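J.: Got a structure for you, written out below as structure tokens; questions coming shortly.
Derivation of every value follows stated rules applied to the coordinates shown; laboratory data play no part. From a predicted model like this one, the values you see are computed outputs, not experimental measurements. All Cβ positions, even for glycine, are placed from backbone atoms using ideal geometry, and neighbour counts span all protein chains on display.
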Amino acid sequence: MVKVKLTDWKQDYQMDEAYKALRTNLQFCGADKKVISLTSCTPNEGKSNVAFHLACSLAESGKSVLLVDADLRKSVLLGRVEVEEAGEVKGLTHYLSKQAKLADVICGTTLPKFHIIFAGIVPPNPAELLGSRLFKDMIRTVRDVYDYIIVDTPPLGRVIDSAVVADACDGVVIVIEAGAISYRYVQEIKAQLEKSGCPILGTILNKVDYTREGYGRYGKYGKYGKYGKYGKYGRYGSYGDY
């Protein structure tokens, strides 16, 4: 098994506490919510960063965690680690195109109980690979091995991949950049996800600027009151520290 060194997973105290709160809320969703996908509306909302640190936080708490990089079009996760062994790091596309076995694409890390499947090379048909029977079979296999599988997927506002992946997951979380995404646009993304039949577990408000007026300890809730319509989904909405 290829092993990689995690270089920037430790957060400052405030961020660390925020991720602990997030993982706790995720656990309260129920023991049947093991395979969780993360998506966003547009690129650069911090989705991959949230997926990475959430997975690290879960592993730090003693859970066995597999982070699957299913953003086959524009992956950034491999750039966050250092490969400890020379050679090519094979990823999800290698497995889904039958160029590698599952055991060959699961990478160990310097954090105990935390493994990663990187995206691999950019394929010509990402949606088809992610919608294949092989991908669903892979999820069923790793479900029996890990406590949690966190799946990083592309922004749903650009491509359909996230909705395709959601069909194989127990729940999905939407990462929203504060002050950048309109309420109507989030509603459109939510509607697309609902068609997959996968429960929307909540939203994460990311890149909140607490230096701005109105973002005090409690004031931050008032600024984004328009997201209140997500009543049953907004389990994560208050954790805007990411």
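J.: Just subtract the alpha-carbon distance of Y183 and E84 from 0.36 nm times their residue separation and send over the number in nm, one decimal.
T.: 31.3 nm
J.: Right, here's the next one. Mind checking the full-extension length gain between R143 and D209? Use 0.36 nm per residue of separation minus the Cα-Cα distance, one decimal, nm.
T.: Details: separation 66, 0.36 × 66 = 23.76 nm, distance 3.68 nm.
My answer for the length gained is 20.1 nm.
J.: Compute from the Cα atoms of the stretch 3-236 the Rg and the Dmax, the latter being the longest Cα-Cα distance, and quote both in angstrom.
T.: Using the Cα atoms of the stretch 3-236, the pair Rg, Dmax is 17.2, 53 Å.
J.: Is any residue of the stretch 142-166 close enough, with backbone N under 16 Å, to a label point placed 7 angstrom from the Cα of Q27 along the Cα-Cβ axis, and if so, which?
T.: Counting backbone N atoms under 16 Å from the label point, the list is 147-149.
J.: Taking 0.36 nm per intervening residue step and subtracting the Cα-Cα distance, what contour gain separates M1 from K74 on full extension?
T.: 23.8 nm
J.: How high is the relative contact order of the stretch 16-122, in percent, counting Cα pairs under 8 Å that sit 6 or more residues apart?
T.: Relative contact order of the stretch 16-122: 28 percent.
J.: Between M15 and K136, how high is the FRET efficiency from 1/(1 + (r/R0)^6) when r is the Cβ-Cβ distance and R₀ = 25 Å? Nearest 0.05. Intermediate values should be presented prior to the final figure.
T.: Numbers: r = 34 Å, r/R0 = 1.36.
Plugging the Cβ-Cβ distance into 1/(1 + (r/R0)^6) gives 0.15.
J.: With a Förster radius of 41 Å, plug the Cβ-Cβ distance of A191 and K101 into 1/(1 + (r/R0)^6) and report the FRET value to the nearest 0.05.
T.: Calculated value: 0.60.
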